[in-house]
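K.L.:
Before we start, here is the structure in question, set down as structure tokens.
The values are calculated or read from the model by the stated rules, or taken from the named source; none is laboratory data. In this text, all values refer to a predicted model and were calculated from it rather than measured experimentally. Please note: Cβ atoms are built from the backbone with ideal geometry, for glycine as well, and neighbour counts cover all protein chains shown. When the accessible area is computed, the model is the full protein with side chains, heavy atoms only, and any ligands, DNA or RNA have been set aside. Shrake-Rupley method; radii C 1.70, N 1.55, O 1.52, S 1.80 Å.
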Amino acid sequence: MTAAIIDGKAFAATLRARLAEVAAGFVARAGRKPGLAVVLVGEDAASSVYVGAKGKATEAAGMASFTHRLPADTAEADLLALVATLNADPAVDGILVQLPLPPQIDSNAVIAAIDPDKDVDGFHPINAGRLASGLPGFVPCTPLGCLMLLKDRHEHLAGLEAVVVGRSNIVGKPMAHLLLRESCTVTIAHSRTRDLFGAVRRADIVVAAVGVPELIRGDWIKPGATVIDVGINRIDADEGKTRLVGDVAFAEAREVAGAITPVPGGVGPMTIAVLLRNTLVAAHLHEGLVAPDGL
Ligand code: NDP
């Protein structure tokens with residue numbers, strides 16, 4: 001069997017076109033654009049690229065983008081002061097502080113300072129608690145994007161065996177809660193899991209969010225399973241070049257799985273699309289408007 005390729009790039013493009021329509025409707029009703037503020041501290045090259053991409057995507061969707069670039073030696077108090085200003089700014093619906101932060105700044109303190117109703121990254125403990133309690137709230141963008149891809153593939157997720165490999169607050173844990181909310185039977189695996197092969201082998205749905213290149217091999221996958229590969233790993237390739245691979249050995253796994261996301265072009269493009277989606281939801285909330293169905 002050769003797996004169907006789950007085209008996250010195409011799915012994200014369709015979602016972004018829909019979000020642009022919804023944003024235009026919001027502008028007509030609210031008389032202002034939905035606004036996303038992104039804060040970058042320091043000059044980390046990868047983070048700078050992400051922040052630039054987020055700003056461009058926000059504007060392309062007809063939303064207002066506010067980018068704050070602060071020096072690497074910014075004091076925690078100064079960042080907290082900026083967050084307080086953004087919390088109070090009615091033009092700002094969503095606030096994202098790009099991680100990782102420099103060592104002098106406590107990320108947890110900064111995340112906790114963001115107004116939970118502007119926490120479009122879904123990292124605030126209140127939103128994490130809402131997700132764990134089955135209450136409405138903001139859900140981290142990458143796992144929500146993974147769930148959208150899964151729902152597009154599976155009409156019914158209830159009762160399926162799912163394994164999430166990785167237990168970070170950003171991907172693994174929220175992914176597991178989302179799958180539990182869909183009534184999957186969920187196993188969360190991590191670096192101390194004794195029988196990772198066994199956990200993956202019995203899963204109808206595999207979500208890999210590890211950060212270890214091609215850790216999960218093709219013969220671990222249950223035939224016909226759906227594989228969502230969150231990992232983004234840069235490895236050495238021929239002629240001194242590098243290339244991106246996921247946490248799953250793609251060429252092997254696609255011979256066994258029913259469907260699989262490629263890296264790149266699978267989960268990656270979904271993250272920014274869902275960030276825009278969360279910002280639009282926040283904007284409707286702030287204006288007391290009902291967000292359109294299916295957003
Ligand atoms: P973290 O490093 O925060 O978490 C990695 C998790 O993997 C940990 O829970 C760790 O276990 C577990 N782990 C590490 N090694 C093994 C192993 N050998 N066997 C089983 N589990 C293991 O990473 P993130 O969750 O932030 O990211 C994971 C991957 O997803 C990375 O490649 C990252 O680049 C990518 N990513 C992609 C995004 C996208 O937009 N597509 C967005 C976010 C992340 P333990 O807890 O025990 O240490």
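K.L.:
Yes or no: P264 modelled with pLDDT under 95 and open to solvent by 40 Å² or more (accessible area, probe 1.4 Å)? Steps first, please.
P.N.:
On the way: modelled with pLDDT under 95: no; open to solvent by 40 Å² or more (accessible area, probe 1.4 Å): yes.
So P264 does not fit the description; no.
K.L.:
G137 is checked against (1) within 17 Å of the chain's Cα centre (by Cα); (2) of a type in the set (G, A, S); (3) within 16 Å of the ligand (Cβ to nearest atom) and fails just one. What number does that condition carry?
P.N.:
Here G137 meets the rest and fails (3).
K.L.:
With respect to G198, is the statement that it is in a loop (DSSP other than H, G, I, E, B) and either under 30 Å from G294 (Cβ atoms) or at pLDDT 95 or above (or both) true?
P.N.:
no
K.L.:
Within the range 141-150, is even one residue part of a loop (DSSP other than H, G, I, E, B) and either near the ligand (Cβ under 9 Å from one of its atoms) or at pLDDT 95 or above (or both)?
P.N.:
There is no residue in the range 141-150 that is part of a loop (DSSP other than H, G, I, E, B) and either near the ligand (Cβ under 9 Å from one of its atoms) or at pLDDT 95 or above (or both).
K.L.:
Considering only the range 122-135, state which residues are part of a loop (DSSP other than H, G, I, E, B) and open to solvent by less than 20 Å² (accessible area, probe 1.4 Å).
P.N.:
Once the filter is applied, which keeps residues that are part of a loop (DSSP other than H, G, I, E, B) and open to solvent by less than 20 Å² (accessible area, probe 1.4 Å), the range 122-135 yields G122, H124.
K.L.:
Provide a single number: the residues in the range 232-269 that are within 13 Å of I6 (Cβ to Cβ) and in a helix (DSSP H, G or I).
P.N.:
Qualifying residue count for the region: 4.
K.L.:
I would also like to ask the following. Tell me, yes or no, whether the range 210-220 has at least one residue that is on the phi > 0 side of the Ramachandran plot, without any contact (Cβ under 8 Å) to a residue 60 or more places away in the chain and open to solvent by 10 Å² or more (accessible area, probe 1.4 Å).
P.N.:
Checked the range 210-220: at least one residue is on the phi > 0 side of the Ramachandran plot, without any contact (Cβ under 8 Å) to a residue 60 or more places away in the chain and open to solvent by 10 Å² or more (accessible area, probe 1.4 Å).
K.L.:
Give me the residue from the range 221-236 that is within 9 Å of the ligand (Cβ to nearest atom) and open to solvent by less than 50 Å² (accessible area, probe 1.4 Å) and, out of that set, farthest from G268 (Cα to Cα). Can you show your working first?
P.N.:
If we filter the range 221-236 for residues that are within 9 Å of the ligand (Cβ to nearest atom), which is where we start, we get 229-233.
Remaining after also requiring open to solvent by less than 50 Å² (accessible area, probe 1.4 Å): 229-231, 233.
Working: D229: 9, V230: 7, G231: 9, N233: 12 Å.
Restricting to residues being within 9 Å of the ligand (Cβ to nearest atom) and open to solvent by less than 50 Å² (accessible area, probe 1.4 Å), the top hit is N233.
K.L.:
Which of (1) under 24 Å from S47 (Cβ atoms); (2) in a loop (DSSP other than H, G, I, E, B); (3) of a type in the set (G, A, S) is the odd one out, the single condition A282 does not satisfy?
P.N.:
Only one criterion is unmet by A282, namely (2).
K.L.:
With the checklist (1) part of a helix (DSSP H, G or I); (2) surrounded by 14 or more Cβ atoms within 10 Å (Cβ to Cβ); (3) of a type in the set (D, E, K, R) in hand, flag the one item K33 doesn't pass.
P.N.:
Here K33 clears every test but (1).
K.L.:
Also, I was wondering about something else. Looking only at the range 196-209, which residues are within 11 Å of the ligand (Cβ to nearest atom) and surrounded by fewer than 23 Cβ atoms within 10 Å (Cβ to Cβ)?
P.N.:
L196, F197, A199, listed by residue number.
K.L.:
Right, here's the next one. Can you tell me which of (1) part of a loop (DSSP other than H, G, I, E, B); (2) charged (D, E, K, R); (3) under 24 Å from R16 (Cα atoms) is the one R192 doesn't meet?
P.N.:
R192 satisfies every listed condition except (3).
K.L.:
Could you tell me whether V92 is in a loop (DSSP other than H, G, I, E, B) and closer than 14 Å to I114 by Cβ?
P.N.:
yes
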